[in-house]
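The values are calculated or read from the model by the stated rules, or taken from the named source; none is laboratory data. Being a predicted model, the structure only gives us computed values, none of them experimental. A quick note on method: Cβ atoms are made from the backbone with ideal geometry, for glycine too, and the neighbour counts reach across all protein chains shown. These area figures cover heavy atoms from the full protein model, side chains too; ligands, DNA and RNA do not enter into them. Shrake-Rupley method; radii C 1.70, N 1.55, O 1.52, S 1.80 Å.
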Amino acid sequence: MTPHPDRAREAAIHILCRLREAGHTAFLAGGCVRDELLGLTPKDYDIATDATPHMVRSYFPRTQEVGAAFGVVLVHVDSCTIEVATFRSDGPYSDRRRPDAVIFSDARSDALRRDFTINALFLDPLAESPEARVIDYVHGVDDLRARVVRAVGNPHARLAEDHLRALRAVRLSARLGFELEDATAEAIRLHARELAGVSRERIGDELRRMLTHPSRAVAAWTLQYLGLDAPALNDRANLNAPVRLGRIGDDTRYATALAAWLFDRTGGEIGTGESAETISRWRQSLCLTNEETTLFRGIVTDWRTLRREWWNLGVARQKRLSVRKEFLEALRILGTTEPEEFVRIRRRVEELRATPSGLAPAALVSGDDLVQWGYLPSPGFKVVLESVYDAQLEDRVRTAAEAAAFVQELASNPGVGLVRQKGH
Ligand code: ATP
Ligand code: MG
């Protein structure tokens, strides 16, 4: 469980005080400063200090080294975990992921190695005067006021060090509703293709965070107009407006958002082969989990059924479909652009629910029953059980006795393939 933010803030201040007592400089740093100054609740609190990791570990009883080479120590206080990082400047990034070496340094250099000006502020919550509270080496406060995301230093050079920053810029600007500063946006557009060199896990994590946030449509649109969609998805560039994505509602699963975006990009028309191919490509490009992929695939399949076949399906198939979560997600997406059809289908589902058997009654016959009645287990079981259940869903069979009679009749047809055990 995540501790209450006030507790985390108290824990961070406790750590700051201890570091100060030991004669160090220490500030709140990064995302928590940005969020506090915007009046938002920070997700977590990070501290930057001139104490080395070794020193940090000696001041606190419960610590954990996560990246001593990068100067990062986790300090546990009560139920809170605070990241304490030594001021550093980063060496060159030869693998485009992590600097080859870090040099412990001072607050200014630490600000200058950070990605965006609004992420490069320090805050001293213990300062006596309000003016002394914020330590700003990069005009980050001005950018917070102007609501812009601007690279620290030369945007081309900063992207060349780590192309993931392009996605971080998009996510940050979408989430906060900030503009991307022109030169930063231009550099991102110019170097968009180079995103392909970044690890798929990192790209996937950024996309997951963008698409599960209510600002997902702004993020998707920004990715598209900056030319980042193609390298991120390993797909063709696309400039369709993400209309469905924008209307899907705040609380939306990742797989549903991916499906909505896919339909936006294809105008809702997507053939079986094409969709299978696209889904497996997105799966690889974004490192989707098996669970995400299965749901994504199911939503796309049910979407096609909904749009092309729903009104021609019999009662049993409509009922079977309408209890699937994939169907409900596909229907939600349909509702974003075809509200009338959405209402018609919902009404039909309510009609089905009101039938005597309802949408998903407990099966009257099981495989065990068939064995008990003397049939040898065979592939014919599945056919029979599905036929009985269909009959149940269509209210042609309503009681156990009717179901047994139905099975007997089916069994008398040799084509069904039910074989009786000897002696029965
Ligand atoms: P979030 O609310 O998403 O956690 P955050 O700004 O705290 O936002 P983190 O990924 O937790 O983001 O990173 C903490 C800080 O580390 C950032 O605010 C930024 O100063 C710095 N940082 C993170 N990733 C990079 C990067 N790729 N390049 C440069 N600086 C980075
Ligand atoms: Mg953070």
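The table for this structure:
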| quantity | calculated |
| --- | --- |
| Per residue value of the accessible surface for the chain (all protein chains in place, 1.4 Å probe), Å² | 48 |
| With every protein chain in place, the chain: carbon and sulfur % of accessible area (1.4 Å) | 50 |
| Over the stretch 367-420, relative contact order from alpha-carbon pairs under 8 Å, at least 6 apart, % | 46 |
| Prolate/oblate/rounded label for the stretch 1-146 (Cα gyration tensor, a/c 1.5) | rounded |
| Viscosity 1.002 mPa s, 20 °C: Kirkwood-radius Stokes-Einstein D of the stretch 367-420 over Cα pairs, µm²/s | 194 |
| Euclidean distance between Cα centres, the stretch 375-401 to the stretch 310-341, Å | 24 |
| Cross-link reach list, lysines versus K422, counting only Cα pairs under 22 Å and skipping chain neighbours closer than eight places | K382 |
| R0 of 30 Å, Cβ-Cβ distance N240-E277: FRET efficiency to nearest 0.05 | 0.95 |
| Structure-based [θ]222 nm, the chain - -39500 (n - 2.57) summed over DSSP H runs of at least 4, per residue, nearest 500 | -15500 deg cm²/dmol |
| Over the chain - Rg/Rh using Cα atoms and the Kirkwood inverse-distance radius | 1.14 |
| Most mobile listed residue (A183, A219, A330) in the chain, GNM with C-alpha springs under 10 Å | A183 |
| Amide hydrogen neighbours beyond the local backbone of V149, cut-off 5 Å, H modeled | E179, L180, E181 |
| Percentage relative contact order, the chain, counting C-alpha pairs under 8 Å, at least six apart | 8 |
| Candidate aspartates and glutamates - alpha carbon under 13 Å from K43, same-chain residues fewer than 8 apart omitted | D6, D35, E83 |
| Separation in nanometres of the label points that stand 7 Å from Cα toward Cβ, at R308 and L126 | 6.7 |
| Computed label-point distance, nm, for sites D182 and C17 using a 7 Å Cα→Cβ extension | 4.9 |
| Gyration tensor verdict on the stretch 63-210 (Cα atoms; rounded if a/c is under 1.5, prolate if a/b is larger than b/c, oblate otherwise) | oblate |
| Most fluctuating residue given options P356, P53, P242, as computed from a GNM of the chain linking Cα atoms under 10 Å | P356 |
| Amide H contacts of G67 (H built 1.01 Å from N, under 5 Å, at least 5 apart or other chain) | V72 |
| Sites Q64 and E194, calculated FRET efficiency, Cβ-Cβ separation with R0 25 Å, nearest 0.05 | 0.15 |
| Theoretical FRET efficiency, 1/(1+(r/R0)^6), r = Cβ-Cβ of D250 and V419, R0 56 Å, to 0.05 | 0.50 |
